[in-house]
Each structure stands twice: as C-alpha cells, then as structure tokens.
Amino acid sequence: MLSPLESILGTDAKTVYGDPVTVGERTVVPVARIAYGLGMGGGSGTDESDEDGGEGYGGGGGVSATPVGVVEVTPDETRFVRFGTDRRLVGVLALGIGLGLALGRLLRR
C-alpha cells in the first residue's frame with residue numbers, strides 16, 4: 001500500500017527538470033512545477049437510534065505537474081525561458097478592465 005505513496009513522495013530532480021535535449025551547442029532542460037496533496041478522513045459514533053453503525057473513514061490524494069519553462073544553456077549564456085507569460089498578462093489585463101468597468105458602474109449610481 002505504500003508503494004504509490006512512495007512514488008509520489010520520492011520525487012527527485014528528474015521529476016522537476018526533464019532530460020536535457022542538446023542540438024548543436026544549445027542544451028534545453030524542461031522545467032515543471034510539481035504539486036501534490038494528501039487527505040485522510042475519519043468517523044465513528046452511533047446512528048439516531050443509539051445503535052452502532054455510524055462509521056466513516058476515507059482518504060485520497062492527487063498530483064499535478066505543470067510545465068513552467070526551460071533552462072537554455074549556450075556557450076555564451078544560461079537563461080530561464082518561462083512558458084505562458086503572455087497568457088497570464090492577458091488575464092491580468094482582462095481582470096483589470098473588468099474591475100474598472102464594475103467600479104465605474106458603481107460610482108455612477
């Protein structure tokens with residue numbers, strides 16, 4: 001029963017940093033964000049007629065791996081290139097416009 005748990009908790013650098021890919025003098029190393037969570041439940045007690053029968057228990061967990069960018073290594077420099085910054089910027093701008101419109105409507109009343 002511990003082997004799935006050990007496989008989740010036994011992450012190492014290869015889980016976050018993928019295998020490097022080299023083309024010519026450029027090496028690219030993929031980078032991911034790894035997150036995991038575990039939960040357990042419990043219970044006991046009696047049912048409404050004061051008889052045994054009110055039990056519970058349970059558990060679960062989850063793992064998420066999200067690519068966040070690459071480390072690019074060349075003879076001249078090493079740099080981190082993040083994925084999805086344009087999409088994040090568009091989301092922040094849309095949120096700002098939405099909040100501005102909502103605030104404008106509230107102030108007109």
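The values are calculated or read from the model by the stated rules, or taken from the named source; none is laboratory data. Everything numeric in this text was worked out from a predicted model, so none of it was measured. Heads up, the Cβs are rebuilt from the backbone with ideal geometry, glycines too, and the neighbour counts pull from every protein chain shown.
Here are the numbers:
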quantity: VAL92 vs. criteria modelled with pLDDT under 80, of a type in the set (Val, Ile, Thr) and either exposed (fewer than 11 other Cβ atoms within 10 Å of the Cβ) or out of contact with any Lys or Arg (no Cβ under 8 Å at 6 or more places or on another chain) (or both); calculated: yes
quantity: Residue match in region 45-59 (condition: in a strand (DSSP E or B) and either modelled with pLDDT of 75 or more or among the hydrophobic types (A, V, I, L, M, F, W, C) (or both)); calculated: yes
quantity: Answer from ASP19, ASP76, ASP86 - the residue that is surrounded by fewer than 10 Cβ atoms within 10 Å (Cβ to Cβ), at pLDDT 85 or above and outside any strand (DSSP E or B); calculated: ASP76
